[in-house]
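A short write-up of the structure that comes next.
The values are calculated or read from the model by the stated rules, or taken from the named source; none is laboratory data. Fair warning: this is a prediction, and the values are worked out from it, not measured in the lab. Glycine gets a Cβ as well: all are built from the backbone with ideal geometry, and neighbour counts include every protein chain shown.
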Amino acid sequence: MTPRAHPTNFIEFTADFLSSPEFNTGGARIEITNVRTFNRDLFAMLDDSPTLADAENAFKLYMNAAFAIDVEQAPSSARTPFRSCYLKLLQGWGFDSNGPEGAVMKGWVESRFGLRPSYHKHPLPPGDAAAWGPYLKEKMDSRFHSNSIYSQLDLLYEFTQYLLRRFVHGERTHVTLYRGLNLSEASHLTRRTCCLIWLNNCVSTSTDPDVAGCFGDIIVKIRAPVSKILFVNNLLSISPLRGEGEVLLIGGDFWVTPQS
């Protein structure tokens, strides 16, 4: 087992296989254990929704009922007590993926998919307690875990997968995404047409190479499995992330192609 993989997770594949280029090339479907079973009412509501907008409304209603989340009031207000909410996590990620909200989301990927992060504020070498300390402290911050936040993210992932398959990609297994890498990350890519790189357990990518270029010196093209997409910013009427075409992708070893 690689040091980036946990021995347990909540899906049917091992973390080693999930992170491998073989999985990312094959693109098998993923389901988080029992999420659909324990939330049958949500998926029945989605099945009864004729349009994407109707499905989004059904999801909002269900999340409000299950977690007392009003998406219209999701941004923090000085007049209301803090209530942990998936939208607040996404907004925090959009502002800084190395902030506390980013740590919680990376922690969720670690828990559900068994993939440890390789970076949060700085590299996270296996076994380096000093490097891991700030990440562990932030991901376990009690203010983010007061409202079953991992369960909220479970539903967000399964909802996104439902929308992508039903309304966007159908039976397609892969999509083309782009990511900007800094020179230290991409030094070994500059003279190669294709290379295997490790992407952090949760990363921002884009459907637009020009947008990806704003966040790195070298743009790489990724053939990403649809099953590894956690969230697509322009899929819903509410866009909590900052980039219009931003896509949150679950990481691992990917074959990428540098763009000229």
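Condition check ((1) modelled with pLDDT of 95 or more; (2) out of contact with any Phe, Trp or Tyr (no Cβ under 6 Å at 6 or more places or on another chain); (3) of a type in the set (A, V, I, L, M, F, W, C)) across all residues:
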{"position": "ASN24", "(1), (2), (3)": "yes, no, no"}
{"position": "GLY27", "(1), (2), (3)": "no, yes, no"}
{"position": "ASN34", "(1), (2), (3)": "yes, yes, no"}
{"position": "THR37", "(1), (2), (3)": "yes, yes, no"}
{"position": "MET45", "(1), (2), (3)": "yes, yes, yes"}
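Among the criteria (1) touching a residue at least 12 places away in the same chain (Cβ under 8 Å); (2) surrounded by fewer than 17 Cβ atoms within 10 Å (Cβ to Cβ); (3) not in a loop (DSSP other than H, G, I, E, B), the one TRP108 does not fulfil is (2). Checking each residue in segment 234-247 for being touching a residue at least 60 places away in the same chain (Cβ under 8 Å) and farther than 13 Å from VAL175 by Cβ picks out LEU236, SER237, ILE238, PRO240, LEU241, ARG242, GLY243, GLU246. Under the condition of being hydroxyl-bearing (Ser, Thr, Tyr) and modelled with pLDDT of 95 or more, the residues counted in segment 213-256 number 1. Here TRP255 meets each of (1) hydrophobic (A, V, I, L, M, F, W, C); (2) surrounded by fewer than 20 Cβ atoms within 10 Å (Cβ to Cβ); (3) under 18 Å from the mean Cα position of the chain (by Cα) with one exception, condition (3). Among the residues of segment 163-175, write down those that are touching a helix residue (DSSP H, G or I) at 6+ places or on another chain (Cβ under 7 Å) and outside any helix (DSSP H, G or I). Result: HIS169, ARG172, THR173, HIS174, VAL175. Of the residues making up segment 233-245, at least one is under 24 Å from SER151 (Cβ atoms), surrounded by fewer than 22 Cβ atoms within 10 Å (Cβ to Cβ) and of a type in the set (Ser, Thr, Tyr).
Looking across segment 154-187 at every residue that is surrounded by 15 or more Cβ atoms within 10 Å (Cβ to Cβ) and acidic (Asp, Glu), the one that is modelled with the lowest pLDDT is identified as GLU185. Checked against (1) modelled with pLDDT of 95 or more; (2) buried (at least 22 other Cβ atoms within 10 Å of the Cβ); (3) within 21 Å of MET63 (Cα to Cα); (4) not small (Gly, Ala, Ser), TYR135 meets all criteria but (3). Can you report the number of residues in segment 200-238 which are assigned to a helix (DSSP H, G or I), farther than 22 Å from TRP108 by Cβ and of a type in the set (Val, Ile, Thr)? The total comes to 1.
For segment 130-162, the set of residues classified as in a helix (DSSP H, G or I), among the small types (Gly, Ala, Ser) and either touching a Gly at 6+ places or on another chain (Cβ under 6 Å) or over 22 Å from ASN9 (Cβ atoms) (or both) consists of ALA130, ALA131, GLY133, SER142, listed by residue number. The residue of segment 6-17 that is surrounded by the most Cβ atoms within 10 Å (Cβ to Cβ), among those that are under 17 Å from the mean Cα position of the chain (by Cα) and over 18 Å from LEU164 (Cβ atoms), is ALA15. In the condition set (1) among the β-branched types (Val, Ile, Thr); (2) outside the structural domain of ARG36 (by TED's automatic domain parsing); (3) crowded, with 20+ Cβ neighbours inside 10 Å, ILE149 is compliant with all but (2).
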